[in-house]
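*Asks:* Right, I'll just put the structure down here and ask away after.
The values are calculated or read from the model by the stated rules, or taken from the named source; none is laboratory data. Here the structure is a predicted model, which means the values were calculated and not measured. With ideal geometry, Cβ positions are generated from the backbone for all residues, glycine too; neighbour counts draw on all protein chains shown. SASA here: full protein model, heavy atoms, side chains in, ligands and nucleic acids out. Shrake-Rupley method; radii C 1.70, N 1.55, O 1.52, S 1.80 Å.
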Amino acid sequence: MENRSDYPLVSVGIPVYNVGPYIRKCLLSVLNQTYPCIEVIVVDDCSTDDSLAIIEDVKNSHSRGECVKLFTNEQNSGPGVSRNRVIDESCGKYIYFIDSDDFIVENTIKIMVNQAENRSADVVIASMQAIYFDTNEIEPAFSYSSLTIIEGPDAFANYVCSDLHSHIGISACNTLFTRSFLIDNDLRLAARKDEDALFLSDYYSEVGCAVLMPDITYNYVVRPGSIM
(Lines give C-alpha, C1' and ligand atoms only; values in the text may rest on other atoms or scores of the structure.)
Protein backbone atom coordinates (compact mmCIF):
# COMPACT_ATOMS: atom_id res chain seq x y z
CA MET A 1 0.00 0.00 0.00
CA GLU A 2 1.40 3.39 -1.03
CA ASN A 3 1.68 5.97 1.73
CA ARG A 4 -0.03 9.15 0.54
CA SER A 5 2.16 11.27 2.82
CA ASP A 6 5.14 10.33 0.64
CA TYR A 7 3.62 12.19 -2.33
CA PRO A 8 2.89 15.89 -2.83
CA LEU A 9 -0.82 16.68 -3.03
CA VAL A 10 -2.15 17.55 -6.50
CA SER A 11 -5.31 19.63 -6.86
CA VAL A 12 -7.15 18.71 -10.06
CA GLY A 13 -9.53 21.48 -11.09
CA ILE A 14 -12.63 20.88 -13.22
CA PRO A 15 -14.88 23.80 -14.26
CA VAL A 16 -18.37 22.49 -15.06
CA TYR A 17 -21.28 23.90 -17.04
CA ASN A 18 -24.00 21.75 -18.64
CA VAL A 19 -21.79 18.79 -19.52
CA GLY A 20 -24.09 15.93 -18.53
CA PRO A 21 -23.07 13.60 -21.39
CA TYR A 22 -19.34 14.02 -20.65
CA ILE A 23 -18.68 14.73 -16.98
CA ARG A 24 -18.84 11.14 -15.73
CA LYS A 25 -16.05 10.00 -18.05
CA CYS A 26 -13.99 13.08 -17.21
CA LEU A 27 -14.37 12.65 -13.45
CA LEU A 28 -13.68 8.92 -13.54
CA SER A 29 -10.50 9.50 -15.54
CA VAL A 30 -9.28 11.73 -12.71
CA LEU A 31 -10.38 9.49 -9.84
CA ASN A 32 -8.81 6.44 -11.52
CA GLN A 33 -5.35 8.02 -11.69
CA THR A 34 -2.46 5.82 -10.60
CA TYR A 35 -1.12 8.76 -8.60
CA PRO A 36 -2.27 8.26 -5.00
CA CYS A 37 -2.49 11.79 -3.58
CA ILE A 38 -5.06 14.02 -5.27
CA GLU A 39 -7.96 16.28 -4.44
CA VAL A 40 -10.54 17.01 -7.12
CA ILE A 41 -12.01 20.50 -7.06
CA VAL A 42 -15.18 20.70 -9.15
CA VAL A 43 -16.62 24.20 -9.69
CA ASP A 44 -20.12 24.24 -11.13
CA ASP A 45 -20.96 27.39 -13.07
CA CYS A 46 -24.73 27.23 -12.41
CA SER A 47 -25.49 24.22 -14.62
CA THR A 48 -29.13 23.70 -15.60
CA ASP A 49 -28.81 20.06 -16.74
CA ASP A 50 -28.03 16.86 -14.79
CA SER A 51 -24.30 17.58 -14.38
CA LEU A 52 -24.51 18.04 -10.61
CA ALA A 53 -26.52 14.85 -10.10
CA ILE A 54 -23.93 12.86 -12.06
CA ILE A 55 -21.08 14.38 -10.07
CA GLU A 56 -22.81 13.50 -6.79
CA ASP A 57 -23.42 9.94 -8.01
CA VAL A 58 -19.74 9.45 -8.89
CA LYS A 59 -18.67 11.08 -5.63
CA ASN A 60 -20.90 8.75 -3.58
CA SER A 61 -20.12 5.55 -5.46
CA HIS A 62 -16.40 5.75 -6.25
CA SER A 63 -13.82 4.42 -3.79
CA ARG A 64 -11.97 7.75 -3.97
CA GLY A 65 -15.12 9.86 -3.89
CA GLU A 66 -14.04 11.61 -0.70
CA CYS A 67 -11.36 13.35 -2.79
CA VAL A 68 -14.04 15.35 -4.61
CA LYS A 69 -14.82 18.84 -3.34
CA LEU A 70 -17.80 20.49 -5.04
CA PHE A 71 -18.32 24.26 -5.23
CA THR A 72 -20.96 26.32 -7.06
CA ASN A 73 -20.55 29.83 -8.43
CA GLU A 74 -23.14 32.42 -7.38
CA GLN A 75 -23.81 33.22 -11.02
CA ASN A 76 -22.76 31.91 -14.43
CA SER A 77 -19.39 33.54 -15.02
CA GLY A 78 -17.39 31.37 -17.44
CA PRO A 79 -14.52 28.90 -17.11
CA GLY A 80 -11.91 31.53 -16.24
CA VAL A 81 -13.74 32.49 -13.05
CA SER A 82 -14.24 28.81 -12.20
CA ARG A 83 -10.53 28.10 -12.63
CA ASN A 84 -9.72 31.03 -10.35
CA ARG A 85 -12.01 29.42 -7.78
CA VAL A 86 -9.97 26.23 -8.13
CA ILE A 87 -6.80 28.18 -7.34
CA ASP A 88 -8.45 29.78 -4.31
CA GLU A 89 -9.85 26.54 -2.90
CA SER A 90 -6.88 24.27 -3.68
CA CYS A 91 -4.58 22.84 -1.02
CA GLY A 92 -2.11 21.01 -3.26
CA LYS A 93 1.51 21.70 -4.04
CA TYR A 94 0.48 21.40 -7.68
CA ILE A 95 -2.63 22.39 -9.66
CA TYR A 96 -3.77 20.62 -12.84
CA PHE A 97 -6.71 21.81 -14.97
CA ILE A 98 -8.94 19.60 -17.10
CA ASP A 99 -12.04 20.63 -19.02
CA SER A 100 -15.18 18.79 -17.98
CA ASP A 101 -15.85 17.27 -21.42
CA ASP A 102 -12.31 15.88 -21.81
CA PHE A 103 -10.52 12.95 -20.14
CA ILE A 104 -6.96 11.95 -19.27
CA VAL A 105 -4.93 8.72 -19.32
CA GLU A 106 -4.44 6.94 -16.02
CA ASN A 107 -0.79 7.84 -15.39
CA THR A 108 -1.08 11.53 -16.36
CA ILE A 109 -0.61 13.03 -12.92
CA LYS A 110 2.11 10.56 -11.92
CA ILE A 111 4.44 11.24 -14.83
CA MET A 112 3.92 14.99 -14.73
CA VAL A 113 4.58 15.21 -10.98
CA ASN A 114 7.75 13.16 -11.45
CA GLN A 115 9.06 15.74 -13.90
CA ALA A 116 8.00 18.66 -11.71
CA GLU A 117 9.73 17.21 -8.67
CA ASN A 118 12.89 16.18 -10.50
CA ARG A 119 13.31 19.56 -12.20
CA SER A 120 11.76 21.89 -9.57
CA ALA A 121 9.62 23.11 -12.47
CA ASP A 122 7.07 25.91 -12.34
CA VAL A 123 5.08 24.29 -15.17
CA VAL A 124 5.00 20.87 -16.81
CA ILE A 125 3.11 20.64 -20.11
CA ALA A 126 2.29 17.34 -21.82
CA SER A 127 0.92 16.45 -25.25
CA MET A 128 -2.69 15.86 -26.25
CA GLN A 129 -4.81 14.28 -28.94
CA ALA A 130 -8.28 15.10 -30.27
CA ILE A 131 -11.10 12.56 -30.17
CA TYR A 132 -14.48 13.05 -31.82
CA PHE A 133 -17.39 12.39 -29.48
CA ASP A 134 -19.75 10.94 -32.10
CA THR A 135 -17.30 8.65 -33.91
CA ASN A 136 -14.37 8.13 -31.50
CA GLU A 137 -12.09 9.08 -34.39
CA ILE A 138 -8.70 10.21 -33.11
CA GLU A 139 -6.63 12.97 -34.66
CA PRO A 140 -3.31 14.52 -33.64
CA ALA A 141 -3.65 17.67 -31.57
CA PHE A 142 -0.87 19.65 -29.94
CA SER A 143 2.20 17.55 -29.14
CA TYR A 144 5.88 17.97 -28.36
CA SER A 145 8.44 15.92 -30.28
CA SER A 146 10.79 15.29 -27.36
CA LEU A 147 11.30 15.95 -23.67
CA THR A 148 12.41 19.57 -23.46
CA ILE A 149 13.65 21.45 -20.39
CA ILE A 150 13.61 25.25 -20.59
CA GLU A 151 15.38 27.03 -17.75
CA GLY A 152 16.54 30.52 -16.89
CA PRO A 153 15.15 34.06 -16.79
CA ASP A 154 12.98 34.78 -19.85
CA ALA A 155 14.01 31.46 -21.47
CA PHE A 156 10.43 30.16 -21.65
CA ALA A 157 9.11 33.54 -22.84
CA ASN A 158 11.72 33.62 -25.59
CA TYR A 159 10.87 30.04 -26.58
CA VAL A 160 7.15 30.80 -26.81
CA CYS A 161 7.56 34.09 -28.66
CA SER A 162 9.92 32.61 -31.23
CA ASP A 163 6.96 30.87 -32.90
CA LEU A 164 3.56 31.32 -31.26
CA HIS A 165 1.79 28.92 -33.63
CA SER A 166 4.10 25.95 -33.25
CA HIS A 167 5.83 25.95 -29.89
CA ILE A 168 3.14 26.00 -27.17
CA GLY A 169 -0.45 24.79 -27.02
CA ILE A 170 -2.73 27.71 -26.10
CA SER A 171 -4.56 26.07 -23.21
CA ALA A 172 -4.48 26.05 -19.42
CA CYS A 173 -5.44 22.37 -19.54
CA ASN A 174 -2.96 19.50 -19.46
CA THR A 175 -0.46 21.70 -17.62
CA LEU A 176 0.76 20.98 -14.11
CA PHE A 177 1.39 24.27 -12.30
CA THR A 178 3.24 24.67 -9.04
CA ARG A 179 0.60 26.38 -6.90
CA SER A 180 3.10 28.76 -5.31
CA PHE A 181 4.10 29.90 -8.82
CA LEU A 182 0.49 30.94 -9.50
CA ILE A 183 -0.04 32.53 -6.10
CA ASP A 184 3.28 34.37 -5.83
CA ASN A 185 2.85 35.89 -9.29
CA ASP A 186 -0.86 36.67 -8.74
CA LEU A 187 -1.78 34.81 -11.91
CA ARG A 188 -5.51 34.74 -12.64
CA LEU A 189 -7.74 33.93 -15.59
CA ALA A 190 -10.01 36.46 -17.27
CA ALA A 191 -13.80 36.16 -17.44
CA ARG A 192 -13.92 35.85 -21.25
CA LYS A 193 -13.78 33.11 -23.90
CA ASP A 194 -10.10 33.58 -24.77
CA GLU A 195 -9.03 33.28 -21.13
CA ASP A 196 -6.47 30.55 -21.89
CA ALA A 197 -4.50 32.66 -24.37
CA LEU A 198 -4.52 35.68 -22.08
CA PHE A 199 -3.44 33.54 -19.13
CA LEU A 200 -0.52 32.12 -21.13
CA SER A 201 0.64 35.60 -22.08
CA ASP A 202 0.56 36.55 -18.39
CA TYR A 203 2.48 33.57 -17.04
CA TYR A 204 5.13 32.68 -19.63
CA SER A 205 7.39 35.59 -18.72
CA GLU A 206 7.41 34.51 -15.05
CA VAL A 207 8.50 30.90 -15.63
CA GLY A 208 11.90 29.92 -14.27
CA CYS A 209 11.74 26.30 -15.39
CA ALA A 210 9.33 24.59 -17.78
CA VAL A 211 9.16 20.96 -18.90
CA LEU A 212 7.54 19.98 -22.21
CA MET A 213 6.65 16.29 -22.53
CA PRO A 214 5.98 14.20 -25.67
CA ASP A 215 3.70 11.83 -23.72
CA ILE A 216 0.06 12.02 -24.87
CA THR A 217 -1.81 12.33 -21.60
CA TYR A 218 -4.92 14.31 -22.56
CA ASN A 219 -7.92 13.56 -24.78
CA TYR A 220 -9.53 16.72 -26.09
CA VAL A 221 -13.12 15.83 -26.99
CA VAL A 222 -14.46 17.47 -30.14
CA ARG A 223 -18.19 17.72 -29.61
CA PRO A 224 -21.21 19.82 -30.59
CA GLY A 225 -22.01 22.80 -28.39
CA SER A 226 -18.52 23.28 -27.00
CA ILE A 227 -17.51 26.82 -26.02
CA MET A 228 -14.52 26.38 -28.36
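*Asks:* Rounded to the nearest angstrom and ordered from largest down, what semi-axes does the equivalent ellipsoid of the chain get from its C-alpha gyration tensor (root of 5λ)? Please report the intermediate quantities before stating the final value.
*Replies:* Numbers: eigenvalues 131, 80, 65 Å².
Whole-Å semi-axes of the equivalent ellipsoid: 26, 20, 18.
*Asks:* Per residue, how much accessible surface does the chain expose to a 1.4 Å probe? Answer in Å², no decimals. Don't skip to the end; give the middle numbers.
*Replies:* Working: 10480 Å² over 228 residues.
Averaged over the residues of the chain, the accessible area is 46 Å².
*Asks:* I would also like to ask the following. What aspartates and glutamates sit close enough to Lys25 to cross-link, taking a C-alpha to C-alpha distance under 15 Å and skipping anything fewer than 8 places away on the same chain?
*Replies:* Asp50, Glu56, Asp57, Asp99, Asp101, Asp102, Glu106, Asp134
*Asks:* Quick check: at a probe of 1.4 Å, how many percent of the accessible area of the range 71-180 sits on carbon and sulfur atoms?
*Replies:* On the way: 2320 of 5150 Å².
With neighbouring chains kept in place, the figure for the range 71-180 is 45 percent.
*Asks:* Accessible area of Arg24, 1.4 Å probe, to the nearest 10 Å²?
*Replies:* 100
*Asks:* I've got another one for you. Taking Cα pairs under 8 Å and at least six residues apart, what relative contact order does the chain come out at, in percent? Could you put the intermediate results ahead of the total?
*Replies:* On the way: 465 pairs, mean separation 57.5, N = 228.
After rounding, I find 25 percent.
*Asks:* Also, quick follow-up: What is the dipole size for the range 1-139, taken about its Cα centre, with +1 at each Lys and Arg Cβ and -1 at each Asp and Glu Cβ, in debye to the nearest 20?
*Replies:* Dipole size: approximately 480 debye.
*Asks:* Also, quick follow-up: Using Cα atoms only, what is the angle between the long axis of helix 79-89 and the major principal axis of the chain, expressed in degrees (0 to 90) to the nearest 10?
*Replies:* Roughly 90 degrees between the two axes.
*Asks:* What is the spread of the Cα atoms of the range 107-188 along each of their three principal axes, largest first, in whole Å?
*Replies:* Largest first, the range 107-188 extends 43, 30, 27 Å along its Cα principal axes.
*Asks:* Tell me the accessible surface of Asp154 in square angstrom (1.4 angstrom probe, heavy atoms of protein chains only), to the nearest ten.
*Replies:* 80
*Asks:* Another question, then. Could you sort the peptides 101-107, 68-74 by per-residue average Cβ neighbour count (10 Å cutoff), highest mean leading?
*Replies:* 101-107, 68-74
*Asks:* Sort 92-100, 140-148 by the packing proxy (mean of other Cβ within 10 Å over each peptide's residues), most packed first.
*Replies:* Sorting 92-100, 140-148 by mean packing, highest first, produces 92-100, 140-148.
*Asks:* Sticking with this structure for a sec: Stick to the Cα atoms of the range 1-124, pair each with every other, and give me the Kirkwood hydrodynamic radius in Å at one decimal.
*Replies:* Result for the range 1-124 stands at 14.7 Å.
*Asks:* Same structure again: Under the rule of -39500 (n - 2.57) per DSSP H run of 4 or more residues, summed and divided by the residues of the chain, what mean residue ellipticity at 222 nm is obtained, to the nearest 500 deg cm²/dmol?
*Replies:* Dividing the helical sum by the residues of the chain leaves -8500 deg cm²/dmol.
*Asks:* Additional query: Going Cα to Cα from Lys110, which aspartates and glutamates come in below 17 Å? Please leave out same-chain ones fewer than 8 positions away.
*Replies:* Of all the aspartates and glutamates, those that pass the test against Lys110 - Cα under 17 Å, at least 8 places apart if same chain - are Glu2, Asp6, Glu39, Asp122, Asp215.
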